[in-house]
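Scroll down for the structure; my scribbles are underneath it.
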Amino acid sequence: MKSIHQEVEILGTGYIFSLKELCLRGGVSADYVLELVAYGILEPIDENVPPRFETSALGRLRSACRLQQDLRVNLPGLAMTLDLLDEVKQLRDEVIHLRRQLRHYQ
């Protein structure tokens, strides 16, 4: 029986993916991930070569793949779309927080 070595590093309380592991889990090529890095869509945690990524990069990678497959968004459009989706999420979280604070004062 062959053992599959996964390149996942435990750092503090989170996991860090190698480029290879991110590609395997995301079902994409290293060239594609590096293109996403070049456009600022994915951000490595440091300047190591090959790059390493926080686990949140996997969710962003999957979102990027879905947007490209479903909507055929090009890479610059993909970067802008994901940034806007992140901003919407942040604003929604802020509204929830403010509503909780408002209930506290009522």
| Amide hydrogen neighbours beyond the local backbone of LEU42, cut-off 5 Å, H modeled | VAL37
| note | Which residues qualify? For THR55, with a placed amide H closer than 5 Å and at least 5 residues away or on another chain, they are TYR15, PHE17
| Per-residue HN-Hα couplings for the range 79-94, Karplus 6.51 cos²θ - 1.76 cosθ + 1.60 at θ = phi - 60°, whole Hz, x for Gly and Pro? | 4, 5, 4, 5, 5, 5, 5, 4, 5, 4, 4, 4, 5, 5, 4, 5
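What percent does the relative contact order of the chain come to when contacts are Cα pairs within less than 8 Å and at least six residues apart?
For the chain, the relative contact order is 20 percent.
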| field | ³J(HN,Hα) computed for each position of the range 55-63 - Karplus, 6.51 cos²θ - 1.76 cosθ + 1.60, integer Hz, glycine/proline x | value | 4, 4, 5, 5, x, 5, 4, 5, 4
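For the range 35-106, how big is Rg over Rh, using alpha carbon atoms and the Kirkwood form of Rh?
Details: Rg = 16.1 Å, Rh = 14.1 Å.
In the range 35-106, Rg relative to Rh is 1.14.
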| note | Neighbour-count ranking for THR55, THR81 (other C-beta within 10 angstrom, fewest to most) reads THR55, THR81
| request: Provide the per-residue ³J(HN,Hα) series for the range 66-78, in order, calculated from phi with Karplus coefficients 6.51, -1.76, 1.60 and θ = phi - 60°, each as a whole number of Hz, with x at glycine and proline positions. | output: 4, 5, 5, 6, 7, 10, 6, 7, 6, 4, x, x, 5
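Readers should treat all values here as calculations from the given coordinates under stated rules, not as data from a laboratory. Bear in mind that the values here come from a model prediction, so they are computed numbers and not experimental data. Using ideal geometry, Cβ is built from the backbone for each residue, glycine included, and neighbour counts are taken over all protein chains shown.
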